[in-house]
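Reading through the structure tokens given below for one structure.
The values are calculated or read from the model by the stated rules, or taken from the named source; none is laboratory data. If you're wondering where the values come from, they're calculated on a predicted model, not measured in any experiment. Heads up, the Cβs are rebuilt from the backbone with ideal geometry, glycines too, and the neighbour counts pull from every protein chain shown. With ligands, DNA and RNA removed, areas are computed over all heavy atoms of the protein, side chains included. Shrake-Rupley method; radii C 1.70, N 1.55, O 1.52, S 1.80 Å.
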Amino acid sequence: MSTTKNLLVELQVEELPPKALKKLGEAFGAELVAGLRPARLLTETSVLTTFATPRRLAAHVTQVAAATPPEARREKLVPANVGIGKDGGKTPALQKKLEALGAGATELGALERSSDGKQEMLYLAFIAPARPLAGELQAALDRALSKLPIPKVMSYQLADGWSNVHFVRPAHALVALHGAEVVPVNALGLQAGRETVGHRFEAKASPLAIRDADSYAQQLADEGAVIASFAERRAEITRQLQAAAASAGLKPIDDDALLDEVTALVERPNVLCCQFEPEYLDVPQECLILTMKANQKYFPLLDAAGKLTNRFLIVSNIRPADPRAVIEGNERVVRPRLADAKFFFDQDRRSTLESRVDGLRSVVYHAKLGSQLDRVERLTSIAVEIARELQADVTHVERAARLAKADLRTLMVGEFPELQGVMGTYYARHDGEAADVAAAIEEHYRPRFAGDALPTSRVGICVALADKLETLAGLFSVGERPTGEKDPYALRRHALGVIRILIDSALPVSLLRLVGSACARFESDVQTDVVFFIHDRLRVLLKDRGWTAEEIEAVLAKNHIRLDVLPRLLAAVRAFGSLPEAGSLAVANKRIVNILNRSGGSNVALDPSQLSEQAEKALYVALTNLRPTVDRLFRAGDYTEALKSLAPLKLPVDEFFDDVMVNVDDERLRANRLALLADLQVLMNRVADLSLLAAG
């Protein structure tokens, strides 16, 4: 490989979409490297560094060769009988193939003749010349731009007035440097050079001529007033946020998504502390926090107890000597937003949640499932059934379910849909509803995302389960099922919510009965489909929690109707697997399954008097002696000990299969031995299908 130098490629554009910037920057660099590596332009120790700011995507790659290495190649040409004429010379077909490879002058004698397994072929062995970096970089750059995860493509015209370009934002300059030399590539109608731009307002020089690939980041920082690295800029913002908050004895809101978005909005971050009038703190802090984060990209400040204060942090893109104008401007901008929130809150409290329920009649839930009021009526009846099952306060559950969606008719939720449930709880408390009724209005949406808290009260649990089950049953009944990665109604999340509530809250209730109750409210019979869908999500959750596929399938094969027992069942199977006898018993269990399946199972009761062989008598005695113990432990829920108690069966089971022929000619004897195996299978598989633990 030729001497290597470091490579820099930068595309300078108009402001990129902030929520996509991080992924765009990472993908730009990764795709460039993916395009260069097959050409063997990189070394094993080449390092990629990506840069992304609101106005640029860039990648720095170390140890990049100026040209590909010469390559020994062996090219298949044409069949020998096609390439060699009757006169023994090259045919036009062969000559054309050689010329296409740039080897038209090659003599026939220089070609190799070899069979490809079907016929004799002609081959050309040659050393492919080195290819310069420019051509390979051009292909890699084209590839990178075509594969960027662009959320929405826009179309714009080039300076010539007639050429159209399609990209995420209009591009203005392209930099490509191999060491200090410009690599002659082009993209989006731009020819590569060495000039870029610094900060829009604070750069010392603009345009800025980059000396070489390695000086890029430092020149942008020193002369362009830009921190080019997304990661470094994010770290600097975090440092400033923490320092500013600490100086006020407070802490900033923790929000990684907001931090990423703000990092994508600035090139030279400058954190400043602002404040608003304390009177706005009478509004629920969730409203104020959301409006500051979503609309203004501010970081609210909390006290040690996690309560919102009237101070907040902004991340400015400029560093004036006197920041008062910036601070006052942001305080002036946020004030109308907070005033709107206060107005919504004050207005909403003039009407009770109860008075809003009938208005849900005009809120469409789904074209085939009616209005939100129709949904509330179904939700309420399902929740009441669950309440009776769980011995919860039926009156409070019914009340909470009836009010659960009423805040959809409020001004605050109309402005901030993310606050549905949260505002319902505030308004229910204002209306004087019972504490658990008010809490359940917010809790019934839980868990909203992976890792979210579960509802804590019995009332909240009942309404949360009803909400998720009604959603699953209803949407399944009208054909709105997830397909592939598409899940527009978040049905997978609803299924996981049901699973987490049942397991983590240890609810002693049948999943089949819950699903059946929900599906009974709809005309289509989708109970089996909904249960299958929930079980599919259950497998995912259990794998995420560390259980193996074999352990999961062994337990689920028994169709235990209560999910709350699954952790203990799985733990029992894992404990069983550690026994010295486990492997042998699992294999024997699998053998029993195969024998019973081939014979069509057992259709007679075991007759002990028909047992003739010593080994089958011994197995019967062991089985009879062990059954009361296994049954007692299983009924007590001590699944681990129930499985461990099977260990003494190893010896009589092994001896049975060594000494006893099951499929004998005597029909009565064969049927009796099948009955013995069937009884053994039932006893061994009370907790889980142990045959599924057998290797192979």
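List of remarks:
- Remark: region 253-335 is approximated by an ellipsoid whose semi-axes, taken from the C-alpha gyration tensor as √(5λ), come to 21, 16, 11 Å, largest first.
- For region 342-369 versus region 296-329, the gap between their alpha-carbon centres in whole angstrom: 34 Å
- With Cα atoms defining each centre, region 50-103 and region 121-135 are spaced 5 Å apart in the structure.
- Candidate membrane-span-like segments in the chain, meaning DSSP H helices with Cα atoms spread over at least 27 Å of their own axis and a Kyte-Doolittle mean of 0.5 or above, are 458-477, with no membrane implied.
- With the helix formula -39500 (n - 2.57) applied to DSSP H stretches of n ≥ 4, the chain reaches a computed 222 nm mean residue ellipticity of -15000 deg cm²/dmol.
- Rounded D (µm²/s) - region 526-620, Kirkwood Rh over Cα pairs, Stokes-Einstein at 4 °C, 1.567 mPa s: 79 µm²/s
- Relative counts (whole %) of C-alpha pair distances in region 177-323, using bins that are 5 Å wide: 2, 9, 16, 17, 15, 12, 9, 7, 6, 4, 3, 1, 0
- Computed on the Cα atoms alone, the convex hull of region 146-222 gives a volume of 129 cubic angstrom per residue.
- Using a cut-off of 32 Å between Cα atoms, the listed pairs 617/644; 251/543; 97/118 include 251/543 as exceeding that distance.
- Relative contact order [Cα under 8 Å, 6+ residues apart], the chain, whole percent: 8 percent
- 5 Å binning of all Cα-Cα separations within region 250-388, expressed as whole percents from 0 upward: 2, 8, 15, 15, 13, 11, 9, 10, 8, 5, 3, 1, 0, 0
- Accessible surface, the chain, averaged per residue in Å² (probe 1.4 Å): 47 Å²
- Sequence-separation-based contact order of region 192-254, relative, with Cα cut under 8 Å and 6+ spacing, percent: 24 percent
- Calculated translational diffusion coefficient of region 548-696 (25 °C, 0.890 mPa s; Stokes-Einstein with Kirkwood radius over alpha-carbon pairs) equals 157 µm²/s.
- Within straight-line cross-link reach of residue 90, lysines at Cα separation under 18 Å, skipping those fewer than 8 residues along the same chain: 76
- In the chain the longest region clear of GluC sites (Glu not before Pro) that are loop-assigned by DSSP and have at most 10 other C-beta atoms within 10 Å covers 108-484.
- Kirkwood hydrodynamic radius (C-alpha pairs) into Stokes-Einstein, region 420-549, 20 °C and 1.002 mPa s, D in µm²/s: 139 µm²/s
- Rg/Rg_globular for region 46-103, with Rg_globular taken as 2.2 N^0.38 Å and Rg from C-alpha atoms: 2.21
- Distant alpha-carbon pairs in region 364-441 (separation over 17 angstrom), percent: 48 percent
- Computed Kirkwood radius, in angstrom, where 1/r is averaged over Cα pairs of the chain: 32.5 Å
- Taking the square roots of 5 times each eigenvalue of the Cα gyration tensor of region 329-379, largest first, gives ellipsoid semi-axes of 34, 15, 7 Å.
- Relative contact order [Cα under 8 Å, 6+ residues apart], region 28-99, whole percent: 23 percent
- Cα centroid of region 454-472 to Cα centroid of region 373-411, whole Å: 9 Å
- Whichever lysines have a C-alpha closer than 29 Å to that of residue 152, once near sequence neighbours (fewer than 8 apart) are set aside: 19, 22, 23, 293, 297, 486
- Note that region 180-234 carries a Kirkwood radius of 12.0 Å, evaluated over its alpha carbons pair by pair.
- One quarter of the surface of the convex hull around the alpha-carbon atoms of region 5-133 equals 11.7 nm², the direction-averaged projected area.
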